[in-house]
Amino acid sequence: MHEIYKNRRRNHNHRLSTISKKLNLDIKLTTYVARHTFATAGLYKSISKAEIGDMLDHTNYYTTEAYFADFENKVLGEAAEKIFG
């Protein structure tokens with residue numbers, strides 16, 4: 001079953017990569033990027049981290065927190081740059 005999942009994910013990522021190239025995006029689209037974007041958009045819309053974690057089918061709170069660690073650090077860095085920049 002895991003092999004089927006990996007093959008489908010690989011095929012999906014290949015299609016996303018093709019889309020990214022055709023749109024001349026600076027980022028390679030992947031299922032991970034799509035999930036992270038979905039989670040970040042939910043956070044911007046004031047959806048709780050617990051609800052987002054449930055939607056992403058995370059089995060524990062720490063997985064969801066890992067999704068947001070980079071986002072929160074970037075936001076804090078940008079805020080500091082505005083203050084001290």
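Read the figures in this text as sums done on the coordinates, not as results from a lab. It should be emphasised that the depicted structure is a prediction, and the values quoted were computed from it without experimental measurement. Positions of Cβ are backbone-derived with ideal geometry, glycine not excepted, and every protein chain shown enters the neighbour counts.
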Practice task
Would you mind checking the pairs K45/K74; K22/K49; K21/K45 and listing those with alpha carbons more than 26 angstrom apart?
Solution key: K22/K49; K21/K45
Handout entry: Sparsely packed trypsin sites (Lys or Arg not before Pro) within region 9-77, loop by DSSP, other Cβ within 10 Å at most 15
Key = K28, K45
Exercise for the section: Taking the Cα centre of the chain as origin, work out the dipole magnitude from +1 charges on Lys and Arg Cβ and -1 charges on Asp and Glu Cβ, in debye rounded to 20. Expected result: 600
Fill in the blank from the handout: With Cα springs under 10 Å, the Gaussian network model of the chain assigns the largest mean-square fluctuation among L16, L25, L43 to L25
Fill in the blank from the handout: Computed, not fitted: 222 nm per-residue ellipticity of the chain from DSSP H runs ≥ 4 (each -39500 (n - 2.57)), nearest 500, equal to -26000 deg cm²/dmol
Handout entry: Percentage relative contact order, region 2-84, counting C-alpha pairs under 8 Å, at least six apart
Key = 17
Problem - Cα-Cα separations in the chain greater than 19 Å, expressed as whole percent - result: 54
